[in-house]
1. List the helices (runs of 4 or more DSSP H) inside segment 1-83, counting only whole elements, that have at least 3 residues being without any contact (Cβ under 8 Å) to a residue 40 or more places away in the chain and not charged (D, E, K, R).
2. For segment 90-143, name all the residues that are over 15 Å from the mean Cα position of the chain (by Cα), among the charged types (D, E, K, R) and within 17 Å of Phe76 (Cβ to Cβ).
3. Return the only residue of Glu52, Glu30 being of a type outside the set (Gly, Ala, Ser) and more than 25 Å from Asn138 (Cβ to Cβ).
4. Identify the residue in segment 111-170 that is among the acidic types (Asp, Glu) and not in a strand (DSSP E or B) and, among all such residues, is surrounded by the fewest Cβ atoms within 10 Å (Cβ to Cβ).
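Readers should treat all values here as calculations from the given coordinates under stated rules, not as data from a laboratory. Everything quoted here is computed from the prediction, not taken from an experiment. All Cβ positions, glycine included, derive from the backbone under ideal geometry; neighbour counts span all protein chains shown.
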Amino acid sequence: MVEDDISFVDVKDDIGVTSLCSLAETIWYEFFPSIISMAQIEYMLGKFLSKEAIEKDMRSGCRYFLCKDGREYVGFIAVQPKLEMSTAGGGRRLFLSKLYLTQEYRGVHLCSKMMKKVQAEAKASDCQEIFLTVNKYNSHAIDVYYHYGFREEKAVQTDIGGGFVMDDYVMSCKTDDLKV
């Protein structure tokens, strides 16, 4: 990884969506089998990271960014401003819907660049707080989010259909308090 070669590509067309879907499959199959079943991985990829699901998200205001190291896509983020008010009182919240990296790019400080991008998107959208959901059993991601200043708001279980439930924590951090 060459730190200066890291860039973010705003996904706006079919080529970007197709690249994102392929990358999502790679990441989910390499990371999530230790946390959720293969059946749930396949269901969630279809429900949340298929071409149709991503295009629907984009139509509703969600922005996707592919993280690129030189010529190779190595991760992606998705963010969406929400009208709900911040837990700290006043202001809007940015939903960090997705933040994923391929295995070889985890632990090499690329997440800091991704978090800076999230913070910039929050400020550009006039959001005073960033929030996310994370699987309760994804201890690595939870530790990473704590490192950046997020705190746990609450635990939630969401029925996503197909006989599957997402068992998550909602975490949040004031935009200006993000430790990037």
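1. Of the helices (runs of 4 or more DSSP H) lying wholly inside segment 1-83, those with at least 3 residues that are without any contact (Cβ under 8 Å) to a residue 40 or more places away in the chain and not charged (D, E, K, R) span 14-31, 38-48.
2. If the condition is that a residue be over 15 Å from the mean Cα position of the chain (by Cα), among the charged types (D, E, K, R) and within 17 Å of Phe76 (Cβ to Cβ), then Glu104 is the only one that fits.
3. The unique qualifying residue is Glu52.
4. Narrowing segment 111-170 to residues among the acidic types (Asp, Glu): 121, 126, 129, 143, 152-153, 159, 167-168.
Now narrow it down to the ones that are not in a strand (DSSP E or B): 121, 126, 143.
On the way: Glu121: 21, Asp126: 11, Asp143: 9.
By that ranking, first place goes to Asp143.
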